[in-house]
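Data block below; observations after.
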Amino acid sequence: MDIKYLVFTLALFCGMFLGMQAADADGLIIIDPPIHHPIIKRPVPLTVRYHRVSVEIDKHVATTTIDQMFVNDYDVDLEGTYIFPLPEEASITEFSLYVDGKKVSGKIFGKDEARKIYEDIVRQMKDPGLLEYVGRNMFKTRIYPIPRNGTKRMKLVYKQVLKYDAGTYKYVYPLDTEKYSPKPLEDASIAVRIKSPIPLKSVYSPSHKIDLDLDEYEASCGWEEKDVKPDKNFVLYYTVSQKDVGISFQTYRLDGEDGYFLMLLSPGNLKNRAIAKDIVFVLDTSGSMGGEKIVQAKNALQYCLKQLNSDDRFNIVSFASSIKSYKDSFVYARSGNIKDAVRFVEDFDADGGTNINEALSEALGMFRDSKRPQMVVFLTDGEPTEGITDMKEIIKNSEKANDRNARMFVFGVGHDVNTHLLDKLAEVHRGVSEYVDPDENLEVKVSSFYKKISAPVISDIKLNFGKVKVYDLQPITLPDIFRGQQLVLLGRYKGDGTTDITLSGYVDGRRKDFSYRAEFARRNRENDFIPRLWATRKIGHLTSQIRLNGEKNELVDEIIRLSKKYGIMTQYTSYLILEKEDDYESYGIRPSMAPKVRASGRQYAMDMGALSGAGAVSSAKKIGQMKQSEQAAEPVLDTVKYIAGKTFYLRDKVWTDAKYKKGMKLKKVKYLSKEYFQLIKAYGGVSKAMSIGKNIIIVLNGTAYQISE
């Protein structure tokens, strides 16, 4: 093979995975340019039609099967090279590649040989993206023929032993084909099945929204999209523990900075451990709920009633202009009572106004003698129109009535609801608010949500982090933990070392403690998704405070600071409010995108005071999603990149570290010089950040380096 072609092929392939963690990856076919072909003048990648991945994890050994179909869009038979970078942490026990039912052989380059190849390619091709792959194994094989206007299907199987860290296993599969597949993939999917001899407690992906089915010793989950160009790693964590509650702990910390941590707390899918609860369903039956809405609402409520455990107690409050309760006090969820309550719900008609204040006071007053976990499920489609209608007074009265600290889960239906009132009710009463758009199925939405909260296992939880100082927890108010669910908790910390984390809460009516030994790292660059996920939730919380309680300079300033540092743009921080117009361009924002700023120069142009309407509901939903997010917000501008725990902005064709401040002394380093490679070796993990480009400004341990050609 021509050495120039080999260099180009490797460079093109490796550049495809810019910004990924070192892990297993999907393959690529690079075709040779046919002689005298009018279109194909140089090596190019083939289009990927589909990319399907199946993963079987048994006793923490992962078998990954990759099924890819490549498409030859040209009118000539082609020859090409299939390349696959091997997971460096894996213990390869089987590596099979099949083409049209026949096994073909390839060559595996070891780490030392691959390192020499990569470093040589960097110098020859001047492609910084290759820095990501120094020290990787590599597999490649020739493929011929690739039929004209035809397809070539590849199947690859390999095994690896997953890394274990204090009860947590991690699996990574990169999916970055965005830059090099000429067309979007018709479909891309990953299906994972997990079997464990130790009880599974949680399965969590910080990168993709997954469907999850979790049992005690088995779990399955998956992700799938169509017409897509995948652009980020699929990352999956799962925790195992013999204890009733599994606690997983991960950290991220750079030198000289406070650390970040992520905790997963889950009881797994333990059977027969749900705590008996008291619950009141509060349903709006005003005239605006007429038609299909009232039918779906009644079906949803009847579903919830049938899901109650026999030891639960319940009541129902319907409200319009007046209030109607099912019973004067709680009744047990026994068969006869459930049948009677279903008939009570069936008789609901939609008529009259909306007396929210009296309905909530009635419902919350029922908990005065309760000593169990207490819940209110409140559903409405409108603003208060009867009785007390002032929002502040309704909130005040609900707080006064809720002397047992019942949690309130709020559903707003349609676009006519008072989003400020509903969000404030959820915040004050330690619950969450959900919104159902007019085109969504109310019955499905309510039923699905109720299933998640129907079985509390630990209530009124508290955490003690021992000798390490922890701050800025997200969420700020810790929810109850439900069977089959998990709490994703993020925060910051000072200090370091090993300490005991104690989780305490009510289990079966008694206070119980669960302890976990955790290591707060002095330095750890592995989990660089944690800072952005923490910042996503923090910005969501701050934005919610501004929306519900009004703008305060310290809240606005903090949102702007976090936006700059982490490159996170939201409906409230899409356009940073900067001190000078020139600063917009510095942060990748066109002047035409800049909002109209009021006299203070520190306020947001958008109207965050809207109470109702489609815009208000959309804002409320997005803020709620940020506050509860399990995946970090992604940069929405091409001029903003987040890589290896750092945020870079493209300023005057130079990728500039967000930590760089004007006036800092710059130490200049020539790209590809001896000093350049020494810098990479001196700072472990910095090669990922350096792979962003040839001209960068990067801050390392307080020193600013300017890399340039």
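What follows is calculated from the coordinates using simple rules that are stated; it is not laboratory data. These figures come from a predicted structure and were not determined experimentally. All Cβ positions, even for glycine, are placed from backbone atoms using ideal geometry, and neighbour counts span all protein chains on display.
Computed from backbone phi, the HN-Hα couplings of the range 388-398 come to 6, 10, 6, 4, 4, 6, 4, 4, 4, 5, 5 Hz, rounded to whole numbers (Karplus: 6.51 cos²θ - 1.76 cosθ + 1.60, θ = phi - 60°; Gly and Pro given as x). Applying 0.36 nm per residue to the separation of Tyr164 and Arg523 and subtracting their alpha-carbon distance, the gain on full extension is 127.4 nm. For a paramagnetic label modelled on Lys103 (point 7 Å from Cα along Cα→Cβ), amide N atoms under 20 Å away belong, within the range 51-81, to 63-68.
When the listed pairs Lys661/Lys681; Lys452/Lys621; Lys170/Lys195 are checked against a 22 Å cut-off, the alpha-carbon distance exceeds it for Lys661/Lys681. Gly567 sits among other residues whose Cβ lies under 10 Å from its own Cβ, and their net charge, with Lys and Arg +1 and Asp and Glu -1, is +4.
Among residues other than Asp58 with Cβ under 9 Å from its Cβ, the summed charge is +2 (Lys and Arg +1, Asp and Glu -1). For Leu672, no residue whose modelled amide H falls within less than 5 Å of its own remains once neighbours fewer than 5 places apart on the same chain are excluded.
Once C-alpha pairs closer than 8 Å and six or more residues apart are averaged by separation and normalised to the residue number of the range 278-454, the relative contact order reads 25 percent. Neighbour counting of Cβ atoms within 10 Å sorts the residues Lys665, Lys400, fewest neighbours leading, into Lys665, Lys400. Kirkwood radius and radius of gyration were both taken over the C-alpha atoms of the range 278-454, and their ratio Rg/Rh is 0.92.
Annotation: amide H-H contacts under 5 Å for Val228 (H modelled 1.01 Å from N, sequence separation of 5 or more, or interchain): Leu185. Scanning residues 5 or more positions from Lys163 or on other chains, those with amide H under 5 Å from its amide H are Lys170, with H placed 1.01 Å from N in the peptide plane. Taking 7 Å steps out from each Cα toward its Cβ at Asp496 and Lys512 produces label points 3.6 nm apart.
How many angstrom lie between the Cα centre of the range 622-654 and the Cα centre of the range 219-289? Value for the Cα centre distance between the two parts: 22 Å.
Looking at the range 503-564, the trypsin sites (Lys or Arg not before Pro) that sit in a DSSP loop and have at most 15 other Cβ atoms within 10 Å of their own Cβ are Arg522, Arg523, Lys552. Along each principal axis, taking the top coordinate minus the bottom one, the Cα set of the range 354-398 gives 33, 20, 13 Å in descending order. Residues Ser687, Ser220, arranged from fewest to most other Cβ atoms within 10 angstrom of their Cβ, appear as Ser220, Ser687. As a ratio to 2.2 N^0.38 Å, the alpha-carbon radius of gyration computed for the range 640-708 takes the value 0.99.
In order along the range 70-84, phi translates into HN-Hα couplings of 9, 10, 8, 7, 9, 9, 8, 4, 10, 10, x, 10, 9, 10, 9 Hz, rounded to whole numbers, per the Karplus curve 6.51 cos²θ - 1.76 cosθ + 1.60 with θ = phi - 60° and x for Gly and Pro. Shown for Leu562, Leu442: other C-beta atoms within 10 Å of each C-beta, ranked fewest to most, produce the order Leu562, Leu442. Each residue, Asp75 and Lys400, gets one label point 7 Å from its Cα in the Cβ direction; the gap between the two is 8.4 nm. With θ taken as phi - 60° and the Karplus curve 6.51 cos²θ - 1.76 cosθ + 1.60 applied, the whole-hertz 3J(HN,Hα) list for the range 541-558 is 5, 5, 5, 5, 4, 5, 5, 8, 10, x, 6, 10, 4, 5, 6, 4, 4, 5 Hz, x standing for glycine and proline. Could you tally the net charge around Gly222, taking each other residue with its Cβ under 10 Å from the Cβ of Gly222, Lys/Arg +1 and Asp/Glu -1? Summing Lys and Arg as +1 and Asp and Glu as -1 gives -2.
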